[in-house]
Each structure stands twice: as C-alpha cells, then as structure tokens.
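A short write-up of the structure that comes next.
Read-outs throughout are calculated quantities, based only on the coordinates presented, and are distinct from any laboratory measurement. Model, not experiment: these values are computed from the prediction. Cβ sites come from the backbone with ideal geometry, for glycine too, and all protein chains shown count toward neighbours.
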Amino acid sequence: MLNWVKKHRPPIVILENVCSAPWQTVVKKFEDAKYSAKSIRLDTKAYYVPHTRTRGYMMAVNAQSSGIPNKWADRMASMKRDASCTLDAFLLPSDDPRIHQAREKLVRESYNAQDRKTGRTDWGRCESRHQRTRLEEALGAKRPLTNWDEGMWWCHRFSVIPLLISHKVAPSRCLIMAGQTGFKGRSNASGILSIFRYSDQPCKVSTPPIRGKVFYAPSVLPLTRSSLSQVWNLSQNVDRSIGSNRVGISPCLTPSMIPYITNRGGPMVGLEALHLQGLPIDELLLTRETEDQLADLAGNAMSTTVVGTTILVALVLSMKYLTPGHDKRTYEEKHGTRITEIDEDIMEVDPPSDSLQDHVVGEDQLLERPFGISKTSGQPLSSLLADAMKSVRFCTCEGRKDMTEREVRRCDDCGFTACIKCGGRPEHNARPIDVKAHPRLPPSTFERDLKSALPMCLELSGITEELLNSLKQEFGAAIPSKRWEIWRNAVVEAVGPELRFVQLKRQELWYATYESTKAVVELCLHPQRSEWLFYAKPSPSEPANAEIRKLLMYPAARLACDGSLLNGRWEVALPQTTSLEISIKGVGELVPSWESKLGLQDPKFLDATVFSQLDVSVPPEDVVHFDRDITGTYVLLDKCGTANNALHKKIATKEDAALPPLFFLLDPIRSGKPTDDAFVFSTSIRRLEYQETRPIFARLQPSWRQSSKDGPQRVSCVVPQKYVFADGVSLKVRFAFLYL
C-alpha cells in the first residue's frame, strides 16, 4: 500500500486497522515519504451506533509539516456524538420473516458443521472451568431450564430443550448451557456443560438454534437479568463471558464469535450484525450469502458512521490539496507518474437505437375512473373477532403467516399457547387445542377479509386545546404546568393529519396500524375488548431522554369498540400520575421461591419461600383513581414463566367476567437499571418488542418483592394515567380517491 502511495501521490490517505497495529511506525513511514500524518483511536459507540468497536485510524496529506492531520484529529473529537438509541433499535423484530429465514439457514448449515470455520471444541478442555465456576459461585448442580442430565442425547427432531417464546420470561442472570449435544454415535460433538450464574434480578429467555454450536438443538442457553438488551459471546467459556458488558450496547462483533441476544433468547443474525456497522440493510440484497459469510462481512467491515466521518472531515480540511473541478488532469499527470494502459476487457455498450416511448403501446385504450380507497366490506365486528381468534398466532414458529401442523396446547392458567415441539418449559398447565372441533382459519384469508373491512384512510377530530384544558380543569388533574404544556401541544398537533393504513400484525392478537407524520393509531382485536389506541409522535428533534418521549410512549386516547369498528365513546388519557398506598397480604401455603427452585446453594436461598396467593386491597376512597379495580386475590402461577416466576392472576369476580384477565407481574425494563424494575397490574403478559408498552393499571414501588413475611404490607404505587370521557371526539373515514 505504501509503495502505491509513493507512486501515485494521492492528496489524502486514510487508513483503518486494529488498535494493536504499529501506528507510530506507520506514521513515521508516511513522514519519510514526505506526507504529514496523525493516528487516533475511534470507537463506534461514540459515533451514533451502539456498538463497542475501537479501531485505529490514520489521516495523511501530501504535504510536509502540515497542521491538517492534527486539525483532523481535533475535529474528529468534536464530531463525537454518543449513540442515543439502544441496541434494540438496530435489531429486527423477533417475528420478522428475515429472522425466520436466517434461522432456517443456520439449521441447514449446521449439518455441515465440520466444514464451518467455527469448528468443534474439545469439551474436556472446558469442563473443569465450568465445574470450578459452579463451585466458586455456589450455583449447585441443577439445570432448571433444560432438565438435562448426564448421558442424554439429543436429536434436532426430538430436542428436549423447549422454545420459551412470546411473553415467557425466566428468572436470574444465568448462563444455562447444555452439554455433549449431538446425534448418538457421532464423535466430538460440540457442547458445553449446563451452568448458571445467579443474580437477584429477573431475565427473559427463549431458545432458538444457536449458530455454529450443534446440529439443531441449541447447545448454549443463556439468560440475562431483567431482560436487559445485551449481546453475549457464546464462543467463550462461562468464566470468560459473564454478561457484564454495558446494557443496550453491543460488544465488538468479530467473524468468529457467536453473538447471542439475551432479551430475544436467540442468535444475532448476519443482517443485524451488518446493521450494527451502520449499513442500510433494507437497501441491500443479500439472499445467497450464508450466515458465516454475513458474519465475516460484518466482523471485517468498517463502521460506516466512523469511516464516513473521517472521510468528510478530511475532505473539508484538505480542500486546497484537491484537484479543482475544472482541472482535467489526474494526480498522476501532475506528478509525472501517469500510466497509460489499454484495458482490452472493457465491455462496449451500444447506445439505444430508439426512444423509450416507442415501446409504450395501448395508452389510448386506458380508461380513467375514480377508485375509492375508503370503501369497506361492512363485515360485522363480531364476525371479525371470531375469525381473528381462529387465525391468531399460536406459536412463534408460525411467524406472521404460517400455521403449524403439530399439536398446539394452551395453558388454562395464563392462556399461553405453543406447539408440542416448542413448548414444555416453563411447564404451564397446558392442554391440547382441538383444531378439529374448532378449525383454524388461514392467516392470509383473514388478512384479506380484515383489509376489506378496514378503511385505508382515517381522520381523528375533536381533540383541541380547549377540550384538553377543560378536561383537566373539570377532573381536577394535578399535572405540573411544564409537563401539561408539552403533552397538550404534542397531542393537539397530532390530531388532524390524515391517518393512512400501514400494516396488519399477527401476534397473539391481530393489530392494524395507521400512521401520519404526527401520530399512530392502532386497532387491537381483543375478543373481550377491541379498542383503538391513539399515540402522538414526539418531534424528531427531541432528545432521546426527553420527558415528552416518555409521556408519548403511552396512548393519548382510546376508543373501546361498541358494536362496530368505529362506534364508541372516546377517552382521553391525561398525563396525571397519582401516588397512593395499597395493602398486600400473603395468604395460602408457602412454596419454594424461584431462587430455591434454581438450586442455588447460598444459605439465604436454599429454603427461601413465598406465598402462593396475595390479597390486594385498595382503600375505598382511592378506587376511583384506578382505570380498573385491582382489589382481589391473586394466585401465583409459578409454572407460567415471566420474570422471577412471579406471575399472579386475579381470581375473576362477576365484575371481571366480561373483561380481559388481570395479572400481577414483575415488568422488567429492557435498558436501564435493574433496581428500577417494578411489579405492575396489567392485562398483558406477553414479551414486548422494542418501543412497545403494555397497559398498566398501577405500578408498585421498585423495592417491593415477594417474600414469606406475614401480615399486610402497605406498599406505595403509582397510577400512570387518568382516563376521562371526552365528548365530541370522533374517528371517521377519510374519503380519498385515486384516479386510475
């Protein structure tokens, strides 16, 4: 490279390599070649992307004793902007078809594992380190997630490792590893012994195939505290990779590593690794490359936000050394080093013989007529709901459009569904769904019917500044003036622009999304409570941690469907947080705590217990503050997963019969301090995607946890919003036409 520089004398040279490269020697060689040079270290996470990737960069100009390289280094420091979004913003949704396709490729490639560059690992070299970790950290010998024991052989079709999917959340900050996996009779199968680490914080997990470790069943099954957004390198032994990297920021991605996304419970696919280098994956066509090849591309690539900044700064500072636009000479010609060679392999392209218009025929036969995109089929809401429940996703392996042919089971306690292959851990109280007595409907069929029943354009009207001010005054909402002003202005600005249909989402329920430049409206087809949720968008110029962004994460208004899709009475969610105290009393029998079930050997966990039921009571004068009465008895569903295995379900009363079930669970934060995780009352227990929120009726103080303490406990809680009815607000069809 240096010889090429000496020969062609480019005005600017920028080099990138690992930090351990002999940068001072390189700088000295460029100075000997009559260049001025400067080397610095740059980190990707300091330039917009949440990826810890430190590399060395050098900038040189074709001039001796020039101060431009030093100015370049100073300007690069001033151009730093720490990543304001977390790792999740660069990952694909867990049900994205590209995730499913990548995992299928991993399965196919795993059959040729001997040919893969990740190779195989001699388990004997790792076992002693794993056993030592178990002993030093008092972890015990249990493998609570896999139930794997010595001598168990796994096959990709009969794997005993379950797929903990959807909302399933598992306890502890652990690293569970299944050992000696592979087909019976095949020697040197890659595998790692089951082991876990303890933390007093919850974590999420699911177990799809792990790249490069074993045939189909994952040989490494990690969990991470509080369902935090982290990437673990599973190619390292458990005493090397302990999940201590910063939350929401990816470690340095290398070609040989096995990146595991903890809050997904699965591997990072190649497209996501490329995205964390700042590459626009939606504009790339990568269909023939294997996952190993994509990992190579990502691991060896330069971060575009870093290298782009270095180039732009260098160009701005070195303008006087660049050839003017009117100067036709090349740099080689200026220095007398021009090489004239004729490339005989250049393909000759013939100019077009005629114009493009000559190929357009039949235009005179086209007819022009209006096409009303607001026209709907008028299918009854009850019929839509019935068909929606027949076509919802029963298992994550179904993705967005597939239907499994395997037996599907539903938990009688929490309602979770999974196929017989993917389910099993947590155990649940599951029973088979009789698809013959209750036949399913293909998702594509219902999607077509739902699109025909929904208008393509909507308009929300009636929410004005005067209405919001009157509601605040009428209900005596105590809201700080600054918070009220920024929220009110954002909501009023979001009302009015045309809301256009964007997409249908098939999950445990069906969702329809409409969007404008200022707002998002979402229709949730719940069999007991179908409703429209109106969200205002914050301004793109608002800082990532601005208060308005936190406020607008929750709905600003809602409409419970009454008889038809657009009929009902709107409610506005005033941003009033109400703090009060409730009483929680443990009742029923004492059962082992989640720490005890993990088999932790610490004396404070060995015999730890919690109550199997909780009585929650609210003072009569405070019931009015809640969107739904949370008073009642909650039964512990410790076989149904969720964080800390702490899921509780309220025993339904007559008043609850027509409403969705109410749950009490620990709600972890994806990126934040584990000490901020709190128990909440909600109707949703599913695993949330990035920027999704669950409906919360009350949030307890973060310090409260289950215990075996007798007697009632006075616990502080916060009601995050206050819903009030608003007359004059309506969601109507926006009549729009396209002319064809």
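Structural descriptor for region 365-502: relative contact order 25 percent, calculated from alpha carbon pairs under 8 angstrom and at least 6 residues apart. Straight-distance candidates among the lysines for linking to K328, with alpha-carbon spacing under 28 Å and chain neighbours fewer than 8 residues away dropped: K6, K7, K34, K320.
Full extension of the chain between D434 and V623 gives 64.0 nm of extra length, using 0.36 nm per residue less the Cα-Cα distance.
The calculated Kirkwood hydrodynamic radius for region 578-720 is 15.9 Å, given to one decimal from all distinct C-alpha pairs.
Highest mean packing comes first when the peptides 710-721, 482-493 are listed by Cβ atoms within 10 Å, giving 482-493, 710-721.
Annotation: amide H-H contacts under 5 Å for V502 (H modelled 1.01 Å from N, sequence separation of 5 or more, or interchain): T513, Y514, E515. Highest mean first, the peptides 126-134, 266-274, 93-101 sorted by other C-beta atoms within 10 Å per residue fall in the order 266-274, 93-101, 126-134.
Tell me the net charge near A314. Cut-off is 11 Å between Cβ atoms, A314 excluded, with +1 for each Lys or Arg and -1 for each Asp or Glu.
+3
Taking a straight Cα-Cα cut-off under 30 Å and skipping sequence neighbours fewer than 8 places away in the same chain, the lysines within cross-link reach of K451 are K375, K390, K401, K436, K505, K518, K537, K732.
Kindly rank 596-604, 15-23, 639-647 from highest to lowest mean number of other beta carbons found within 10 Å of each residue.
So the order, starting with the most tightly packed, is 639-647, 596-604, 15-23.
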